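First the structure, in the form of structure tokens, and then the observations on it.
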Amino acid sequence: MKTVACVLRSGGDFEPGDVVRLFNQVSEHLPGAKFRCFSDVAVQGVEVIPLRHGWPRWWAKMELFLPELPDDWLFFDLDTSIVDSLADMAEVEGPVIMRERYWPGPFTRRHGDPAINQSGGVGGVHSRTRRSHAAVR
């Protein structure tokens, strides 16, 4: 079963309650899925993987690509609301990341599928990002 992941960096617009809301929606629409939150704060009732780097704001999402983590996950931002089954997304092999809002119908046909899948794994994404981020500091 695919792991569903989110990232919460303290000091921003989102709080642990937003993680719990997403967790509850995922539990309803993908029963049995493992749910993990990468965070620098505790989230009651949710498995938290501590953030390892002090990357600011959205850069913390790069920790999803740590080489020792499994490559079979589904990522959602904390401003996402799950309102229907995630079964189809969970069947996609490898990591799945939502890259924009999903609006069924003509918008999807014009702009393509909002989900991206990095087939073949995510191997060096984390280390390349870490080197790039260090270079711009």
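Listed here are the residues, each with its yes/no results for (1) part of a helix (DSSP H, G or I); (2) exposed (fewer than 14 other Cβ atoms within 10 Å of the Cβ).
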residue	(1), (2)
VAL4	no, no
VAL20	yes, no
GLU28	yes, yes
CYS37	no, no
GLN44	no, yes
HIS53	no, no
ALA60	yes, no
PRO70	no, yes
GLY94	no, no
Screening GLU28, GLU63 for residues that are touching a strand residue (DSSP E or B) at 6+ places or on another chain (Cβ under 9 Å), among the acidic types (Asp, Glu) and modelled with pLDDT of 85 or more leaves only GLU63
Of the residues ARG52, ARG21, which single one is more than 16 Å from VAL83 (Cα to Cα) and among the basic types (Lys, Arg)? ARG52
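So how many residues does region 72-92 have that are open to solvent by 70 Å² or more (accessible area, probe 1.4 Å) and part of a loop (DSSP other than H, G, I, E, B)? Even if it seems obvious, please write down each step before you answer.
At the first step, the residues of region 72-92 found to be open to solvent by 70 Å² or more (accessible area, probe 1.4 Å) are 79, 81, 83-85, 88, 91.
After this cut, where a residue has to be part of a loop (DSSP other than H, G, I, E, B) as well, the list is 79, 81, 83-85, 91.
So the count comes out to 6.
The values are calculated or read from the model by the stated rules, or taken from the named source; none is laboratory data. In this text, all values refer to a predicted model and were calculated from it rather than measured experimentally. When we count neighbours, we look across all protein chains shown, and the Cβ atoms used for this are built from the backbone with ideal geometry, even at glycine. With ligands, DNA and RNA removed, areas are computed over all heavy atoms of the protein, side chains included. Shrake-Rupley method; radii C 1.70, N 1.55, O 1.52, S 1.80 Å.
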